[in-house]
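Read-outs: derived from the displayed coordinates by stated rules, not from any lab. The structure displayed is predicted, hence computed values, not measured ones. Reconstructed Cβ throughout: ideal geometry from the backbone, glycine too, with neighbour counts over all protein chains shown.
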Amino acid sequence: MHDRQYPVESFSLSERDRRWALVRSLMDSAGIEILVVPDEDNSRYLSQMAYDIGPTVLPLEGTVTALTNHGRVGSAAARWISDFRHWNRRWAAGIVDCLQELNADRKIIGIVGLDGLMRRPDGDLNYNSFITMREVFPHARWVGAGELMQEARYVKSEEEIVFLTRAARATDAGLLAAAEHMRPGAIDREIWGQMVLAMMRAGGDPPRFAHFGIAPLRDIRGFAVQPVGHAAAVGDILFNEVDGHYTGYDAQGVQPIVLGALPSDWAEAWKVHTEAWNRTWELLRPGVTFAELESAVRPAATRRFGVRQTLHGRGLGDDMPLITSSSSSANRMGERVLEEGVCFVLKPYATWSDGLGEKELNWGDTVVVTRDGARRLGERSHELIVRD
């Protein structure tokens, strides 16, 4: 029972070898002799584990070991990893066991989560686990390796882009289903349910993230980002940010949906957003910096409408960069250049205010940088959907 395999579409062995060689090259450059990856996203990147995902331990040379709970790892992972160990979520004990076999004391050990990440600037390594490891290996040198893994995952392979495209297909299906069911009297929870059903019918997995809330156009302050039982009415807008999910990979889309006639200020805001998008799109090619992308939207602003660039990496989770209204300069990575294979959601905002407060409007899709420019992974029309 514990060794039962669950079929999951697999990446190739050449993709495994590419990832392991890349990570080991980065380890070697940083002087890291053993890499410990406790978090699910990065462990999945190295192992393809789909169920009961535990840590992965990757030495600079030798066998890669993955820890799991009861062995439900997925058939894809079984093609990549020969050394699975069942530790029933006792991850610290399992890591210690691996490190003892690798004679880790007095070696340099990189561990993901000890340093800050994009959306987790304080890191997320379990304190008790780290204390246990330090006590067992008092002479080891421990260094953060979260940035190392983000660097490895920055450029997506052709195989990864296929998975992201399938996630984008699920995103499109969900957002178009939400538009279809956004009618006067419809409850936000019911629209949400139809959205998720459509995503799974399109071949996606259950979504891990979505912002989804209805608000009146006249005053959008305080709209909920999750369904709360609100009934849609004429004059409302459905805001959303939805991640289609496929075998660990997330592709985000944004699709505003309005009930009733579109007020003139919202129509003008849409024009400003569209110009900001187009100005960004013209620059999306290898060699352009993220600082250039961030500043590309500024000429779209008018006396009344402001603009702000928003984009962040897409992949297995917490991919770089992170350009939002609240992100740090380090996460914005202004001097970093685009490379072929970099994927992110692009969703520039038009912003303005009136007597009822601040307002904003955007649309977004996940894109990949190619040699000749950029390509959208979704296929929805770039439009503000207005239902009469």
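Applying 1/(1 + (r/R0)^6) with r as the Cβ-Cβ distance of Val155 and Phe209 and R0 = 25 angstrom yields a FRET efficiency of 0.65. Phi angles of segment 46-60 translate, via the Karplus equation with coefficients 6.51, -1.76, 1.60 and θ = phi - 60°, into HN-Hα couplings of 8, 10, 6, 4, 10, 9, 6, 6, x, x, 10, 10, 10, x, 4 Hz per residue; Gly and Pro are given as x. Taking only Cα atoms and a 10 Å spring cutoff, compute GNM fluctuations for the chain and point out the largest among Thr132, Thr310, Thr280. Comparing Thr132, Thr310, Thr280 in a Gaussian network model of the chain, the most mobile one is Thr132.
When Rg and the Kirkwood radius Rh are both evaluated on Cα atoms of segment 96-225, their ratio Rg/Rh stands at 1.18.
Within the chain, which is the longest segment that contains none of the trypsin sites (Lys or Arg not before Pro) sitting in a DSSP loop with at most 16 other Cβ atoms within 10 Å? By the stated rule (loop sites, at most 16 other Cβ atoms within 10 Å), 120-207. Dividing the helix sum by the residues of the chain, where each DSSP H run of 4 or more adds -39500 (n - 2.57), gives a mean residue ellipticity at 222 nm of -10000 deg cm²/dmol.
Residues whose amide H lies under 5 Å from that of His230, counting only those 5 or more places away or on a different chain, are Asp188, Arg189; hydrogens are built 1.01 Å from N in the peptide plane.
Along segment 212-222 the Karplus relation, 6.51 cos²θ - 1.76 cosθ + 1.60 evaluated at θ = phi - 60°, assigns HN-Hα couplings of 7, x, 9, 8, x, 4, 5, 7, 8, 4, x Hz to successive residues, with x for each Gly and Pro.
In plain terms, the chain is cut at each of the GluC sites (Glu not before Pro) found in a DSSP loop with at most 15 other Cβ atoms within 10 Å, and the longest leftover piece is 62-281. Looking at the square roots a ≥ b ≥ c of the eigenvalues of the Cα gyration tensor of segment 223-311, which shape do they give, rounded for a/c under 1.5, prolate if a/b is larger than b/c, or oblate? Oblate, because a/c is 1.5 or more while a/b does not exceed b/c. Only lysines eight or more places from Lys359 in sequence, or on another chain, were considered; those with a Cα closer than 17 Å are Lys271, Lys347.
Using alpha carbons only, how many degrees (0 to 90, rounded to 10) separate the axis of helix 158-181 from the longest principal axis of the chain? Approximately 40 degrees, to the nearest 10. Close amide-amide hydrogen proximity is noted between Val386 and Val258, each under 5 Å apart and 5 or more residues distant or on a separate chain (H modeled in the peptide plane; Pro and chain starts excluded). Note the angle between two axes, namely the Cα long axis of helix 127-136 and the longest principal axis of the Cα atoms of the chain, as a number of degrees from 0 to 90, rounded to the nearest 10. Result, in degrees: 20. Between Glu379 and Arg298, the contour length at 0.36 nm per residue exceeds the alpha carbon distance by 26.5 nm.
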